[in-house]
Amino acid sequence: HNATTVSSKTIPIPDTFLGVFVEEINHACAGGLWAELVRNKGFEVRGPNNTLNVWSIIGNESFISVSINDSSCFERNKAALQMEVHCNDKNPCPSGGVGISNPGYWGMNIEQGKRYKVVYHIKSEGEEGDFNFQLSFTGVGVIEVSSNITQVPEDGKWRKVETEVEAKATNHYSSLQITTSKGGSYLFDQISVMPLDTYMGHGFRKDLFQMVADLKPKFMRFPGGTYVEGYHLQNKYQWKDTIGAWEERPGHNNDIWNYWSDDGIGYLEYLQLAEDLGALPIWVFNAGFSRNEQINPSDLGPYVQDALDGIEFAKGSPESKWGSVRAGLGHPKPFDLRYVAIGNEDCEFSNYQANYLKIHDAIRSAYPDIKLISNCDASVTPLKHPADLFDFHTYTTSKDLFSMSTQFDRTARSGPKAFVSEFAVWRKDAGNGSLLAAVAEAAFLIGLEKNSDIVDMVAYAPLFSNINDRKWIPDAIVFDSYQMYGTPSYWVQKLFVESSGATFLPSTLNTTSSNQLIASAISWKDSTENKNYIRIKVVNFGRGTETIDISIDGFPVGQQFGCTKTVLTSDNVMDENSFAQPTKVVPQTSSAVNVESKIQAILSPFSVTSFDFLI
Ligand code: AHR
């Protein structure tokens, strides 16, 4: 093939270019980024006939019986565990006692020397305060006897047991056990184990937080995705239920991804997460749609009000109604909320246009500066309604995504900007996260850089997956209770971190052998080092090795540069990373000094190569 691709424009790539999309899918938050170790901590999820779910019983039925009833002291989540311990002098409990056990999210990571805050609420139906339960983590022994009563909740007989423990050994897949050898009748509720060592004490698992922070995301879209809509409207994301004391949060059935969300990362924590990442929050709220239902525009009032209240909660002054709630929860400073998305993937619904306009107009008049994002794709045909940005999602084959690098070439420049808020290669080509997928994604990203006069923001999806419950494959970061790795797609995003706020430079790619190459050039300044770079990225999406000549115009012949070459490739196009081989497919970097502005480079089959010239 003979192919010449010319990018003649110099484009200031938006500062907001590369970001992340955090959705409660694959246990990204519950059992992931949110460091809470206890699963179903409020017993809200029940088994058949009010039996336990996730929790199990220690001891047999001659010593203990349990069931779930609705007698909690917490008004918004009434489920509590009723425990009858039948042990007495005639029927003594087995050694070690009887009680309940929780495995967390496929094992709790208990690490030697780390401290954990343990809280539970208990009511003894015998004499007031008459109980003696012991706390232990399997594999690390008994940590402490829990007799430390710190607070009496409203109902006189409920006690909040709160204690800090230090692990004396490590078990990455431990379970919590709460046991007694004393007969009696007890109620339990809201049982929590939180590691103290979370990001800035904000409750985020540090290792997972760091993986995201390393992508230097400029924005953070949250909390979904279809998670916002739900499969049924009754299970949609309702931000007002996710704020306040964790014991009082009802949690909800994340029916679209088929697991319970305890909303530990609630609306406030999502905003906090964005702030901690140095990313602009982009809140997606429900516009009156689930995957199965739609609200008529005439009934949309509560949805409009919820959106307005949510914006006020995020960015209102501490004197405003909802801003004062935020301030009361410990964040008086308004969050920097500049963008909201009106629904997720709802353009297909017949009511979207009307619902969108109602919400759009209400927000526009109350918050003229907030940028409003429509769900309708304007990459080919213009929108039928006003918007600042339009959402664009794609999950497709590697070939198709490679060819979609031209998707925005012909998009009208007069209309709203594009927000590519979800993209990935999926299904067969992606395996569990393949090199093939990552190479095609790099080509697509180069196409977005080329069109960054109209493409404002871009995020891969999904970001996270707990390996024990992968609802959607592939993902960028895969983890379990204590370990994690980035898929090749994660590492491709790392190669585009410097693109945010960089300058896209005119370039020409001349090739006589392949139409499977795509390249771009950017320049950027590393402000911490105070150094200027030109980065040339080339994607080879073909089976053959390619040799290319790279020349940078504008420098005198003989001028020499330092050059760092980074290559992402592997022996097999379907190669993946794993816990056993977390760095099988990661970028390899080599540096050379005294390189001229004309170099020859060999590109491996299915590879992404970047050359950083220090200028
Ligand atoms: O990223 C996974 C899902 O894909 C999102 O929830 C949804 O918006 C899209 O369909």
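You will find that of Asn69, Asn53, Asn102, the residue that is surrounded by fewer than 15 Cβ atoms within 10 Å (Cβ to Cβ), of a type in the set (S, T, N, Q) and in contact (Cβ under 8 Å) with a residue 12 or more places away in the chain is Asn69 and no other. Within segment 48-98, can you find the residues that are touching a strand residue (DSSP E or B) at 6+ places or on another chain (Cβ under 6 Å) and at positive phi? Result: Asn50, Gly59, Gly97.
Please determine whether any residue of segment 424-438 is of a type outside the set (Gly, Ala, Ser), over 30 Å from Thr583 (Cα atoms) and either touching a Ser or Thr at 6+ places or on another chain (Cβ under 7 Å) or within 14 Å of the ligand (Cβ to nearest atom) (or both).
Checking segment 424-438: not a single residue is of a type outside the set (Gly, Ala, Ser), over 30 Å from Thr583 (Cα atoms) and either touching a Ser or Thr at 6+ places or on another chain (Cβ under 7 Å) or within 14 Å of the ligand (Cβ to nearest atom) (or both).
Within segment 378-423, if we keep just the residues that are farther than 17 Å from Ile518 by Cβ and of a type in the set (Phe, Trp, Tyr), the residue that is farthest from the ligand (Cβ to nearest atom) turns out to be Phe390.
Would you point out the residue of segment 508-525, among those that are at pLDDT 85 or above and over 17 Å from Gly447 (Cβ atoms), that is surrounded by the most Cβ atoms within 10 Å (Cβ to Cβ)? In this case the residue turns out to be Trp524. Among the residues of segment 220-230, none qualifies, meaning not one is more than 15 Å from the ligand (Cβ to nearest atom) and of a type in the set (A, V, I, L, M, F, W, C). Filtered by the rule that a residue be over 23 Å from the mean Cα position of the chain (by Cα) and either surrounded by 23 or more Cβ atoms within 10 Å (Cβ to Cβ) or of a type in the set (Val, Ile, Thr) (or both), segment 410-435 gives Thr411, Pro416.
Pairs please, first residue from segment 215-240 and within 21 Å of Ser374 (Cβ to Cβ) and touching a residue at least 24 places away in the same chain (Cβ under 8 Å), second anywhere and within 14 Å of the ligand (Cβ to nearest atom) and assigned to a helix (DSSP H, G or I), Cβ atoms under 7 Å, 6+ apart in sequence or on different chains. That search, which allows pairs on different chains as well, returns Lys236/Val228; Lys236/Glu229; Tyr237/Tyr227; Tyr237/Val228. What do you reckon, is Gly558 at positive phi and either surrounded by fewer than 22 Cβ atoms within 10 Å (Cβ to Cβ) or of a type in the set (A, V, I, L, M, F, W, C) (or both)? Considered against the rule, which asks whether it is at positive phi and either surrounded by fewer than 22 Cβ atoms within 10 Å (Cβ to Cβ) or of a type in the set (A, V, I, L, M, F, W, C) (or both), Gly558 comes out as yes. Picking from residues in segment 330-362 that are of a type in the set (D, E, K, R) and part of a loop (DSSP other than H, G, I, E, B), the one that is nearest to the ligand (Cβ to nearest atom) is Glu345. Looking only at segment 95-118, decide whether some residue is under 23 Å from Phe479 (Cα atoms), in a loop (DSSP other than H, G, I, E, B) and aromatic (Phe, Trp, Tyr). So far as segment 95-118 goes, yes, one or more of its residues are under 23 Å from Phe479 (Cα atoms), in a loop (DSSP other than H, G, I, E, B) and aromatic (Phe, Trp, Tyr).
What do you reckon, is Ala461 part of a loop (DSSP other than H, G, I, E, B) and not polar (S, T, N, Q)?
Yes, satisfied.
Of the numbered conditions (1) buried (at least 23 other Cβ atoms within 10 Å of the Cβ); (2) over 16 Å from Ala274 (Cβ atoms); (3) assigned by TED's automatic domain parsing to the domain that holds Ser421, Asp189 fails exactly one; give the number of that condition. Checking Asp189 against (1) buried (at least 23 other Cβ atoms within 10 Å of the Cβ); (2) over 16 Å from Ala274 (Cβ atoms); (3) assigned by TED's automatic domain parsing to the domain that holds Ser421, the one that fails is (3).
As a summary of the residue check, Ser124 satisfies the conditions (1) in contact with an Asp or Glu (Cβ under 6 Å, 6 or more places away or on another chain); (2) at pLDDT 90 or above except for the one numbered (2). Among the residues making up segment 456-513, those that are among the acidic types (Asp, Glu) and either in contact with a helix residue (DSSP H, G or I) (Cβ under 9 Å, 6 or more places away or on another chain) or more than 15 Å from the ligand (Cβ to nearest atom) (or both) are Asp456, Asp475, Asp480, Glu498. What is the one condition in (1) assigned to a loop (DSSP other than H, G, I, E, B); (2) away from the ligand (no atom under 16 Å from the Cβ) that Thr5 does not satisfy? So Thr5 meets the others, but not (1).
Looking at segment 366-375, is at least one residue assigned to a helix (DSSP H, G or I), surrounded by fewer than 17 Cβ atoms within 10 Å (Cβ to Cβ) and in contact (Cβ under 8 Å) with a residue 12 or more places away in the chain?
So far as segment 366-375 goes, yes, one or more of its residues are assigned to a helix (DSSP H, G or I), surrounded by fewer than 17 Cβ atoms within 10 Å (Cβ to Cβ) and in contact (Cβ under 8 Å) with a residue 12 or more places away in the chain.
For Asp189, the criteria (1) within 16 Å of the ligand (Cβ to nearest atom); (2) farther than 30 Å from Ile311 by Cα; (3) not aromatic (Phe, Trp, Tyr) hold in every case but one, which is (1).
Taking interchain pairs and intrachain pairs at least six residues apart, which have beta carbon atoms under 7 angstrom, with the first residue in segment 246-257 and over 15 Å from Leu268 (Cα atoms) and the second hydroxyl-bearing (Ser, Thr, Tyr) and within 16 Å of the ligand (Cβ to nearest atom)? That search, which allows pairs on different chains as well, returns His252/Ser261; Asn254/Tyr227; Asn254/Ser261; Asp255/Tyr231; Ile256/Thr226; Ile256/Tyr227; Ile256/Tyr231; Trp257/Tyr227.
Under the condition of being in contact (Cβ under 8 Å) with a residue 40 or more places away in the chain and within 34 Å of the chain's Cα centre (by Cα), the residues counted in segment 72-99 number 9. Taken over segment 288-329, the criterion of being assigned to a helix (DSSP H, G or I), out of contact with any Pro (no Cβ under 9 Å at 6 or more places or on another chain), free of Cβ contacts under 8 Å to residues at least 60 places away in the same chain and farther than 18 Å from His232 by Cα is satisfied by Ser298, Gly301, Val304, Gln305, Ala307, Leu308, Ile311, Glu312, Lys321, Trp322. Restricting segment 1-50 to residues that are free of Cβ contacts under 8 Å to residues at least 40 places away in the same chain and of a type outside the set (S, T, N, Q), the residue that is surrounded by the most Cβ atoms within 10 Å (Cβ to Cβ) is Arg46.
Sub-6 Å Cβ pairs linking a first residue in segment 545-561 that is farther than 23 Å from Leu517 by Cβ to a second residue that is surrounded by 11 or more Cβ atoms within 10 Å (Cβ to Cβ) and among the polar types (S, T, N, Q), at least 6 apart or interchain, are Phe555/Ser597, ordered by first then second residue. Within segment 387-446, being of a type in the set (S, T, N, Q) and not in a loop (DSSP other than H, G, I, E, B) holds for Thr394, Thr396, Ser398, Ser403, Ser405, Thr406, Ser421.
So which residues in segment 119-130 are assigned to a loop (DSSP other than H, G, I, E, B) and either crowded, with 22+ Cβ neighbours inside 10 Å or free of Cβ contacts under 8 Å to residues at least 24 places away in the same chain (or both), if there are any at all? Of everything in segment 119-130, just one residue is assigned to a loop (DSSP other than H, G, I, E, B) and either crowded, with 22+ Cβ neighbours inside 10 Å or free of Cβ contacts under 8 Å to residues at least 24 places away in the same chain (or both), namely Glu127.
The values are calculated or read from the model by the stated rules, or taken from the named source; none is laboratory data. Quantities reported herein were computed from a predicted structural model and do not represent experimental measurements. Quick reminder, even Gly has a Cβ in these numbers, built from the backbone with ideal geometry, and neighbours come from all protein chains shown.
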